[in-house]
Amino acid sequence: MTMITTTDDLTAACARLGQSSVLTVDTEFLRDSTFWPQLCLIQVAGDDFYCAIDTLAPKLDLAPFYELMRDEKILKVFHSARQDVEIFVHEMGGVPYPLFDTQVAAMVCGYGESVGYETLVNKLTGAKLDKAVRFTDWSKRPLSRRQIDYALGDVIHLRDVFAKLFAKLEQNGRGSWIDEEMAVLTDTATYRLHPEDAWRRLKPRSRNRRFLALVQALAEWRETEAQRKNVPRNRIVRDDIIMELAAHPPHTEDELGAIRGFSKRSAESKEGQSLLAAVARAEALPDSDLPEAEHEDRSVGNSPLSDLIKVLLKLRCQENGVAPKLVASSGDLELIAQGGHPEIAALHGWRYELFGRDAEAIREGRLGLAVRGGRLVILDIQDDGTAVTRA
């Protein structure tokens, strides 16, 4: 049994899968025409059993599977888990726990940043995956045998990928290095969408706080409508129209209907009225409640130093076989360059030992970089100004 379409079969499969201490999980979904992902297929593999669950099968109750995902005695393994987990949070109201993400583990085991699944499988197992049906329409039924085999192949190979990465983490003692990332992935707050924060996605460059308040109100309105109707954001109104509305806010139905993307009918609709109300609320906000400008250029005056710290990050990560993305972001580098001791992950724990301490030292002139024999090396600057190449 590899394709499950009934609740009875699912219950039996979950009972068998529940005997494993580790399950590998993957999903196939569509998001082209909806706000929330449309779950089309779930693949899961245990020690000696695997199956695909047809989530679109009539009258199929996924409760047995969701109970399995909540079983804390079983480790759930995903590759690049965030989108899969987001679906489960929406569908079952919680995060599969405990959880292991092989993409994150690969990043601390020297396989680069955001390594793709196909590449990782090939490097760790030597297998080559059939990706011919990767971008298929998973909502169409019936699924072909090739589609099902492709989908199941992901979780079957993931068992071997997990085993090899787990062994590497045991060997290099870096298991705790990924704990912070797993904590983020298993926190339901990671997946909560707050309409009032939707404006930050637009990254408006203006520092006019009243304009930003209008962008915030309009983006919140759009987010709420998109969620309510379950359609993509741009199906409600495009990003550029949000900016145009904020720059030239409409106050009447006629003014709204004259803006591209709207009509007299849409301006008179319930949605049009709620948009105009959102504009009015933003314009009525007192100055003290206006949002602050985001995406400031923190690196003004520090750009060369930020670039130097970035080179150091790449060097230290290369020496230690860790993806730079997992150690520090570009924003972190800019904050370090500014001085002080900002509250960022790069200046705590294993990240500080690997990179943060040296980053502070290079900022303070106690460390330098040089080329020796065609390769970049770190120089420790002594109190008398002499430079000693670090071994």
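The values are calculated or read from the model by the stated rules, or taken from the named source; none is laboratory data. Small disclaimer: the values here were computed from a predicted structure and weren't measured. All Cβ positions, even for glycine, are placed from backbone atoms using ideal geometry, and neighbour counts span all protein chains on display. Each accessible area value is taken on the protein alone, full model and side chains, heavy atoms only, with ligands, DNA and RNA left out. Shrake-Rupley method; radii C 1.70, N 1.55, O 1.52, S 1.80 Å.
Name the long-range amide H neighbours of residue 99: under 5 Å, sequence gap of 5 or more, or other chain; modelled H, no Pro or chain starts.
For residue 99, the qualifying residues are 76.
Compute the relative contact order of the stretch 260-376 as a whole-number percentage, counting only Cα pairs closer than 8 Å that sit 6 or more residues apart in sequence. Please report the intermediate quantities before stating the final value.
On the way: 70 pairs, mean separation 24.6, N = 117.
In percent, rounded to a whole number, it is 21.
In the stretch 197-342, what percent of the accessible surface is made up of carbon and sulfur (1.4 Å probe, ligands and nucleic acids excluded)? Walk me through the numbers before you get to the answer.
Values: 3830 of 8000 Å².
Of all accessible area on the stretch 197-342, carbon and sulfur atoms account for 48 percent.
Consider the candidate values (1) 18.6; (2) 25.1; (3) 21.4; state which one is mean projected area of the Cα convex hull in nm² computed from the structure displayed.
Of the labelled values, this structure produces (2).
Where does each of 35-45, 312-322 land if you order them by average Cβ count within 10 Å, highest first? Don't skip to the end; give the middle numbers.
Numbers: 35-45: 20.7, 312-322: 17.9.
So the order, starting with the most tightly packed, is 35-45, 312-322.
For residue 263 and residue 364, what is the calculated FRET efficiency with R₀ set at 56 Å and r taken between the beta-carbons, to the nearest 0.05? Could you put the intermediate results ahead of the total?
Values: r = 61 Å, r/R0 = 1.09.
Efficiency at R0 = 56 Å is approximately 0.35.
Can you give the accessible area per residue of the chain, in Å², using a 1.4 Å probe? Mind dumping the intermediate values first?
Numbers: 19870 Å² over 391 residues.
Solvent-accessible surface per residue comes out at 51 Å².
I'd like the Karplus ³J(HN,Hα) series for the stretch 264-278: coefficients 6.51, -1.76, 1.60, θ = phi - 60°, whole numbers in Hz, and an x wherever there's a Gly or Pro.
4, 5, 5, 5, 8, 6, 4, 5, x, 5, 5, 5, 4, 5, 5
Tabulate in residue order the Karplus-calculated ³J(HN,Hα) for the stretch 116-130, using 6.51 cos²θ - 1.76 cosθ + 1.60 with θ = phi - 60°, rounded to whole Hz; enter x for Gly and Pro.
x, 5, 4, 5, 5, 4, 5, 5, 8, 10, x, 7, 10, 8, 7
Rounded to the nearest Å, what's the spacing between the alpha carbon centres of the stretch 235-264 and the stretch 29-44? Just the number, please.
For the stretch 235-264 versus the stretch 29-44, the Cα centre distance is 31 Å.
Using the Karplus curve 6.51 cos²θ - 1.76 cosθ + 1.60 with θ = phi - 60°, what ³J(HN,Hα) values do you get for each residue of the stretch 200-211, in whole Hz, with x for Gly and Pro?
5, 4, 7, 6, x, 8, 5, 9, 6, 5, 5, 4
Select from the stretch 1-73 those trypsin sites (Lys or Arg not before Pro) which occupy a DSSP coil region and have at most 11 other Cβ atoms within 10 Å, ordered by residue number. Numbers along the way, then the final one.
Working: sites: 16, 31, 59, 70, 73; in loops: 31, 59, 73.
Listed in order of number, the matching sites are 59, 73.
Please list, in chain and number order, the residues 5+ apart from residue 79 or on another chain whose amide H is under 5 Å from its amide H, with Hs placed from the backbone.
For residue 79, whose amide H was placed from the backbone, the distant partners under 5 Å are 102.
Can you sort 111, 97 by solvent-accessible area, 1.4 Å probe, largest first? Spell out each step's value before the answer.
Values: 111 40, 97 105 Å².
The ranking, largest first, comes out as 97, 111.
When the accessible area of the stretch 62-157 is computed with all protein chains present and a 1.4 Å probe, what percentage of it is carbon and sulfur? The partial results should precede the final answer.
On the way: 2030 of 4280 Å².
Summing carbon and sulfur atoms, their accessible area is 48 percent of the total for the stretch 62-157.
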